[in-house]
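To start, the structure itself, in structure tokens.
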Amino acid sequence: MFDWLIVGAGFAGSVLAERITSQLGQSVLLIDRRRHVGGNAYDCYDDAGILIHRYGPHIFHTNAQSIVDYLSQFTRWRDYEHRVLTAVDGKLLPIPINLDTINGLYDLNLTSEELEQFFALRREKVDEVKTSEDVVVSTIGRELYEKFFRGYTRKQWGVDPSQLSKSVTARVPTRTNRDDRYFTDGFQKMPLHGYTRMFERMVDHSNIKIMLQTDFREIRNQIPYRRLIYTGPIDEFFDWKLGRLPYRSLHFKHVTLDKENFQPVAVVNYPQSELYTRITEYKHLTGQIHPKTSLTYEFPSDVGDPYYPVPRAENEALYKRYEAMAMARPDVWFVGRLATYRYYNMDQVVGQALATFGRIQKALHAETTA
Ligand code: FAD
Ligand code: UDP
């Protein structure tokens with residue numbers, strides 16, 4: 001009999017397995033239907049010996065020192081500042097849009113003040129900013145929205161930005177200075193030996209037993225456990241009783257080229273006619289020296305593993321109904337991007353898992369004092 005069954009060995013499940021064993025001394029069976037731990041952050045060496053991210057580029061960034069301190073128990077870090085270019089009208093330009101983007105796109109020589117004016121003349125008045133289209137057209141106007149956001153978003157999400165909540169494109173700011181960093185968080189680094197090594201250290205405990213290629217649906221009635229933490233899709237947990245929650249998927253095309261470099265930065269976005277959204281070249285992220293280079297092309301899709309909750313009002317409403325079912329199950333803890341239907345970054349999932357651990361401690365304490 002395990003004290004805990006934890007479904008999913010991504011950030012949510014692995015952090016909780018680590019906390020429960022190291023802080024409470026209880027036993028955990030950690031399962032995942034994939035062949036590895038790490039969830040979507042999993043990285044591995046490909047056939048050429050290049051460290052790649054199997055599920056697309058993962059860059060760690062946060063403003064929360066407590067999360068850095070927590071993860072630093074399991075990894076050292078490599079300095080890395082993420083920069084992204086976007087291929088628009090035959091040019092490679094910085095994204096988020098900044099002064100150099102606009103000057104490069106239109107062959108101008110604007111100052112920051114002039115760029116403020118440039119945007120002010122183009123932005124559209126939107127009474128209430130609700131959608132991912134509203135956010136962008138009310139900041140930089142329709143032409144730039146069409147070139148940089150509309151096509152990318154339609155590819156990535158399979159719907160027009162006018163059908164998505166504002167939170168999606170609001171992730172990407174607009175700048176009038178020359179700052180070309182993708183993220184501005186105070187802490188922005190990569191795990192020195194990769195994510196998988198970090199996860200292996202996190203779950204390396206005599207009280208954690210790991211079973212891979214094991215689907216919860218197949219073992220749920222066979223393995224005895226006292227309590228359950230679930231980090232898979234919440235609608236699947238409830239057998240899709242209220243209907244399917246949409247999760248966007250991706251197909252990854254991993255290739256290795258017989259040359260040292262391919263593109264000037266780790267990620268180049270393709271918001272126009274290409275079928276893929278972005279190309280990642282991993283050596284920029286890892287600093288690996290190698291005569292060859294490995295890339296990943298991302299092709300968004302409705303079918304395949306669930307990667308992204310799709311932020312729009314009707315999906316949030318359906319999630320709320322599943323959440324109400326989850327609340328009626330105090331024996332199960334739902335955590336992570338899929339189980340709480342949140343478009344969370346890695347640090348947010350770690351934060352959510354640590355907060356959940358705090359609630360677990362309180363619940364156990366209340367039980368023993370009752
Ligand atoms: P997951 O990593 O999805 O782990 C859930 C695990 O549960 C999976 O391994 C799954 O196989 C398993 N599982 C599900 N159902 C079952 C079942 N029934 N039985 C057994 N196992 C099950 N975040 C950043 O901070 N920076 C980035 O640069 C970044 N880039 C990203 C790029 C892409 C392409 C994607 C898709 C995400 C990116 N993220 C990034 C987000 C990041 O991947 C997530 O925040 C984080 O990995 C979520 O962790 P999790 O544990 O909630 O979920
Ligand atoms: N986006 C876009 N053009 C870009 C970059 C982003 O339209 O060049 C939009 C798109 O809808 C994307 C969202 O902004 O899904 C958030 O971008 P982010 O880079 O945060 O996406 P993620 O890395 O989570 O896939």
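The values are calculated or read from the model by the stated rules, or taken from the named source; none is laboratory data. Everything numeric in this text was worked out from a predicted model, so none of it was measured. Ideal geometry is used to build each Cβ from the backbone, glycine not excepted, and the neighbour counts take in all protein chains shown.
Observations on the model:
- Count of region 114-149 residues, restricted to those that are touching a residue at least 40 places away in the same chain (Cβ under 8 Å) and of a type outside the set (A, V, I, L, M), is 5.
- Among the residues listed as ARG359, ARG342, ARG312, the single one being at pLDDT 95 or above, of a type outside the set (Ser, Thr, Tyr), farther than 30 Å from ASP47 by Cα and within 13 Å of ligand 1 (Cβ to nearest atom): ARG342
- Residues that are away from ligand 2 (no atom under 14 Å from the Cβ) and either outside any loop (DSSP other than H, G, I, E, B) or touching a Phe, Trp or Tyr at 6+ places or on another chain (Cβ under 9 Å) (or both), drawn from region 168-178: THR176
- Checking ARG181 against (1) away from ligand 2 (no atom under 16 Å from the Cβ); (2) at pLDDT 95 or above, the condition it does not meet: (1)
- Options VAL268, VAL310, VAL303: the member that is surrounded by fewer than 15 Cβ atoms within 10 Å (Cβ to Cβ), of a type in the set (A, V, I, L, M) and within 19 Å of the chain's Cα centre (by Cα): VAL303
- Number of positions in region 72-89 that are more than 16 Å from ligand 2 (Cβ to nearest atom) and either surrounded by fewer than 20 Cβ atoms within 10 Å (Cβ to Cβ) or assigned by TED's automatic domain parsing to the domain that holds GLY141 (or both): 7
- For region 194-304, the strands (runs of 3 or more DSSP E) that sit wholly inside it and include 1 or more residues that are over 30 Å from PHE149 (Cβ atoms) are 208-211, 225-230, 247-257.
- Count of region 143-168 residues which are within 16 Å of ligand 1 (Cβ to nearest atom) and within 18 Å of ALA87 (Cα to Cα): 4
- For region 253-265, the condition holds for at least one residue, the condition being that it is within 21 Å of the chain's Cα centre (by Cα), exposed (fewer than 14 other Cβ atoms within 10 Å of the Cβ) and closer than 30 Å to ASP180 by Cα.
- If you go through region 1-54 and keep only what is of a type in the set (A, V, I, L, M) and within 16 Å of ligand 2 (Cβ to nearest atom), you end up with just ALA41.
- Of all the residues in region 35-53, those that are under 28 Å from ARG248 (Cα atoms) and surrounded by fewer than 19 Cβ atoms within 10 Å (Cβ to Cβ) number 5.
- Selection within region 25-35 - more than 8 Å from ligand 1 (Cβ to nearest atom) and either on the phi < 0 side of the Ramachandran plot or touching a Leu at 6+ places or on another chain (Cβ under 8 Å) (or both): GLN26, SER27, VAL28, LEU29, LEU30, ARG35
- The residues listed here are VAL136, VAL129; of these, the one that is within 11 Å of ligand 2 (Cβ to nearest atom), among the hydrophobic types (A, V, I, L, M, F, W, C) and in contact with a Ser or Thr (Cβ under 6 Å, 6 or more places away or on another chain) is VAL136.
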